[in-house]
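Take a look at the structure below.
The values are calculated or read from the model by the stated rules, or taken from the named source; none is laboratory data. On a predicted model such as this, the values are computed, not experimentally measured, just so you know. In this analysis, Cβ positions are derived from the backbone assuming ideal geometry, glycine residues included, and neighbour counts consider all displayed protein chains. Ligands, DNA and RNA are stripped out before the accessible areas are found, and what is left, the full protein with its side chains, is counted by its heavy atoms. Shrake-Rupley method; radii C 1.70, N 1.55, O 1.52, S 1.80 Å.
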Amino acid sequence: MNNPAFTSFFASLEDLGRTLVKAARYAVGAIATMSWPTLLLSAVGLALLLTIVPLVLTLFVLFMVIKLVHGYMSDRATRGPATPCTPVKPEGE
């Protein structure tokens, strides 16, 4: 018994595999034709990209959380307890 959903999923995986292999072959060919200085610069650039971007994102989230927590705590300390609402009377009364 053939399941059409499984067959379609398997066909999509095969297509994905072929695409990844094609991209890997293209990348290997591009790397093979690079000169040594270009290869060095691309390796250093890729290393910086892979280390700096996650660090920047992590620090941004960390500082944003610290800012929000500090803002919540300092507003509570300066405002004091909540006061009851007093309605405003119209001018004619």
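Compute log10 of I(q)/I(0) for the chain with the Debye formula, placing one identical point scatterer on every Cα and leaving out solvent, at q = 0.12, 0.16, 0.21 Å⁻¹, to two decimals. For the chain at q = 0.12, 0.16, 0.21 Å⁻¹, log10 I(q)/I(0) is -0.79, -0.95, -1.07. Heavy-atom accessible surface of segment 1-80, averaged per residue, reaches 92 Å², computed with a 1.4 Å probe.
With the simple model of a label 7 Å out from the Cα in the direction of the Cβ, F9 to H70 spans 4.9 nm.
In whole percent, how big is the carbon plus sulfur part of the accessible area of the chain, probe 1.4 Å, protein atoms only? C and S fraction of accessible area: 74 percent. With helices as the sole contributors, the chain gives -29000 deg cm²/dmol at 222 nm; each DSSP H run of n ≥ 4 counts as -39500 (n - 2.57), and the sum is divided by every residue. With both labels modelled 7 Å from their Cα along Cα-to-Cβ, the L16 to K89 distance reads 7.2 nm. Compute log10 of I(q)/I(0) for segment 30-70 with the Debye formula, placing one identical point scatterer on every Cα and leaving out solvent, at q = 0.28, 0.35 Å⁻¹, to two decimals. Result of the Debye calculation: -0.86, -1.02.
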